[in-house]
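Starting off with a structure, shown below.
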Amino acid sequence: MDAPDYVLTGERVALGPLRKDLADSYRRWVHDLDVRTGILTVGIYSLEAEEAWVEETNAKCGGPAPEMAAFTVYDLSDGAPVGTTSLMRIDWRLSRAEFGIALGGRRGAGLGTEATRLTLDWAFNMLGLHNVMLTVLPTNAAAMRAYEKAGFKRIGTRRDALSVMGRRGDELLMDAVADEFESPVLAARR
C-alpha cells in the first residue's frame, strides 16, 4: 500500500485523494450493511468495478472547474484509511454542491464529524462554493448529530422519497452555507 498523500489535515483526521490501491477497502465498506443502508446503494461491486470507479471519479476531480471533489478519510492516530467523503454535482454557476460520506469503520468516534468539517472547509475556502447540501435518512440519528456538529442545518423533509430495504421512507435535507461556517484549517492560511 502506498503512503497517504494528505491534501488537508485536521486534528484527528486527514483527507487525501482516492487511491486505486484502496479500491478493495472502498468496496468492502460499501458492502457493509450499516454503510449500505446509509448511502442507499443496492449494488454489489467487484474489485474491477471499484477500481474503474476510482479512476472515473479521480478524472472528474481535476482541472480548473472539477465536477466533484472526492477524498479518502484517514485516522491520524495510525494513518489508516477509514472512509470517503465527496462533494458531488458541483454547480459552478450557482456555487453549490452535494455532500456524501461513507465511513467503513471507527464510526462513533467523531472522525466523521471532523471529516465532514474538513470537506466543508475545502468546499468553501478552496473551491469558493457558497452552499453544500446533503440528504440523510431521518432514522440515522448519529449521522444527523455529526452533520449538525460539522455545520449543517436541517432545511426540510422530502416525504416518501426513498425506498429503503423495500419500504418507502422520507429523506431529511440539510445544508451548510459559507457565511455560517467556521473554517477549521484553510481560513487561517489565507
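The values are calculated or read from the model by the stated rules, or taken from the named source; none is laboratory data. Just so it is clear, the model here is predicted, and its values are computed rather than measured. Every residue, glycine among them, receives a Cβ derived from its backbone with ideal geometry; neighbour counts consider all protein chains shown. Heavy atoms of the whole protein, side chains included, go into the accessibility calculation; ligands, DNA and RNA do not. Shrake-Rupley method; radii C 1.70, N 1.55, O 1.52, S 1.80 Å.
Pick from region 130-163 the residues that are closer than 13 Å to residue 180 by Cβ and aliphatic (A, V, I, L, M): which of them is most open to solvent (accessible area, probe 1.4 Å)?
Restricting attention to region 130-163, the residues satisfying the condition of being closer than 13 Å to residue 180 by Cβ are 130-132, 148, 150-153, 155.
Filter once more, keeping what is aliphatic (A, V, I, L, M): 132, 150, 155.
Details: 132: 0, 150: 0, 155: 89 Å².
Within region 130-163, the match that is most open to solvent (accessible area, probe 1.4 Å) is 155.
Among residues belonging to region 103-129 that are over 16 Å from residue 70 (Cα atoms) and charged (D, E, K, R), point out the one that is surrounded by the fewest Cβ atoms within 10 Å (Cβ to Cβ).
Ranking the qualifying residues of region 103-129, first place goes to 106.
Would a scan of region 77-97 turn up a residue that is charged (D, E, K, R), open to solvent by less than 50 Å² (accessible area, probe 1.4 Å) and either more than 27 Å from residue 163 (Cβ to Cβ) or modelled with pLDDT of 95 or more (or both)? Break it down stepwise before answering.
Taking region 77-97 and keeping what is charged (D, E, K, R), we get 78, 89, 91, 93, 96.
Still in the list and also open to solvent by less than 50 Å² (accessible area, probe 1.4 Å): 91.
Retained after the next criterion (residues that are either more than 27 Å from residue 163 (Cβ to Cβ) or modelled with pLDDT of 95 or more (or both)): 91.
Within region 77-97, one or more residues are charged (D, E, K, R), open to solvent by less than 50 Å² (accessible area, probe 1.4 Å) and either more than 27 Å from residue 163 (Cβ to Cβ) or modelled with pLDDT of 95 or more (or both).
Please verify whether residue 106 is without any contact (Cβ under 8 Å) to a residue 12 or more places away in the chain, assigned to a loop (DSSP other than H, G, I, E, B) and basic (Lys, Arg), treating the condition exactly as stated. Reasoning before the result, please.
Numbers: without any contact (Cβ under 8 Å) to a residue 12 or more places away in the chain: no; assigned to a loop (DSSP other than H, G, I, E, B): yes; basic (Lys, Arg): yes.
No, not satisfied.
In region 164-174, what residues are open to solvent by 30 Å² or more (accessible area, probe 1.4 Å) and touching a residue at least 12 places away in the same chain (Cβ under 8 Å)? Break it down into steps so the answer makes sense when it comes.
Kept after step one, since they are open to solvent by 30 Å² or more (accessible area, probe 1.4 Å), are these residues of region 164-174: 164-168, 170, 173.
Of everything in region 164-174, those that are open to solvent by 30 Å² or more (accessible area, probe 1.4 Å) and touching a residue at least 12 places away in the same chain (Cβ under 8 Å) turn out to be 164, 165, 170, 173.
Can you tell me how many residues in region 131-180 are on the phi > 0 side of the Ramachandran plot and more than 15 Å from the chain's Cα centre (by Cα)?
Just the residues of region 131-180 that are on the phi > 0 side of the Ramachandran plot, to begin with: 151, 156, 160, 165-166.
After this cut, where a residue has to be more than 15 Å from the chain's Cα centre (by Cα) as well, the list is 156, 160, 165-166.
Total meeting the criteria: 4.
Still on this structure, I have one more. So how many residues does region 164-186 have that are in a helix (DSSP H, G or I) and in contact with a Leu (Cβ under 8 Å, 6 or more places away or on another chain)? I'd like the intermediate steps shown before the answer.
Step one: list which residues in region 164-186 are in a helix (DSSP H, G or I), which gives 178-180, 186.
Applying the additional criterion that residues be in contact with a Leu (Cβ under 8 Å, 6 or more places away or on another chain) yields 178, 186.
Residues meeting the conditions: 2.
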